[in-house]
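Notes to accompany the following structure.
The values are calculated or read from the model by the stated rules, or taken from the named source; none is laboratory data. These numbers were taken from a predicted model, which means no experiment stands behind them. When we count neighbours, we look across all protein chains shown, and the Cβ atoms used for this are built from the backbone with ideal geometry, even at glycine. For accessibility, only protein heavy atoms count, side chains too; no ligands or nucleic acids. Shrake-Rupley method; radii C 1.70, N 1.55, O 1.52, S 1.80 Å.
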Amino acid sequence: VTTGIYDQLAATSDAAPALICEAASVYGTLGDELGQSGTASLADTTAALAAYRKSIALDERAISIDPNFVRPRRGLSINQMKIGSVEMETDPGQALKDFQIAMQRFDALPKAERESLSSQRLRGVLLRKEANALVQLGDYSEATNHFTEAAELYRNFAAADPHDLRALADVQVVLIDEAIGFDTAADPALAAAPSERRRNLAAAEKLLTQALV
């Protein structure tokens, strides 16, 4: 990804918000290639974080010019989520904070934008990522609440359109992640009582069975 030409165009004092957003999008894509978690990348997390923050700075500049421009406001949420995803590898506590900021930015979007299908999918991803961070921090009860909300959201999509394979896949991902959470909670190293371990393992098995249906 080449950013030079976009840097030059966006740097002009009269750059339009749409052009600045294009530059922000380029930096977001660059961050993905440098080190987005869970996908093929160059595994350069430091450079990836810098690219995502540059994307956020550009979106903030676009908003300062046109506060009603929805695209950069959505970009703020997405890139904050990507930052949290990178941080999950080493600092789930900070990752949770960034996922929560991303959700706050999502909630600040106009109602029509929040309720669009693509935005509701984004909300589901944010809920799942928050849940995964909560699992790593040992807050299994709150993680379960987030997993349940995300799964219900995707199940509603699937019920509305049984041919929506993406929604079905999203449900499966949430169930598997939640099962991993229960399996983590059952780890003897966490000093769980034997009865609690059995309950967590049974819950994990049930979720994995549902995911395979």
>> Quick test for you: out of ILE83, ILE65, pick the one residue that is touching a Pro at 6+ places or on another chain (Cβ under 8 Å) and either of a type outside the set (Val, Ile, Thr) or modelled with pLDDT of 95 or more (or both).
In response: ILE65
> Looking only at residues in region 173-195 that are of a type outside the set (Gly, Ala, Ser) and open to solvent by 80 Å² or more (accessible area, probe 1.4 Å), which one is nearest to LEU127 (Cα to Cα)?
Replying inline: ILE180
> Of all residues in region 23-45 being acidic (Asp, Glu) and over 18 Å from ALA57 (Cα atoms), which is most open to solvent (accessible area, probe 1.4 Å)?
Replying inline: GLU33
> Which one is surrounded by the most Cβ atoms within 10 Å (Cβ to Cβ) among residues in region 89-125 that are within 16 Å of TYR52 (Cβ to Cβ) and at pLDDT below 95?
Replying inline: GLU89
> Looking only at region 2-46, which residues are under 13 Å from ASN79 (Cβ atoms) and part of a loop (DSSP other than H, G, I, E, B)?
Replying inline: GLN36
>> Given the criteria closer than 20 Å to LEU126 by Cα and not aromatic (Phe, Trp, Tyr), does THR90 qualify?
In response: yes
>> Could you go through region 198-210 and let me know if any residue there is free of Cβ contacts under 8 Å to residues at least 12 places away in the same chain, open to solvent by less than 60 Å² (accessible area, probe 1.4 Å) and in a helix (DSSP H, G or I).
In response: yes
>> I'd like the full set of residues that are without any contact (Cβ under 8 Å) to a residue 24 or more places away in the chain, in contact with a helix residue (DSSP H, G or I) (Cβ under 9 Å, 6 or more places away or on another chain) and of a type in the set (A, V, I, L, M, F, W, C), limited to region 172-197.
In response: ALA186, ALA192
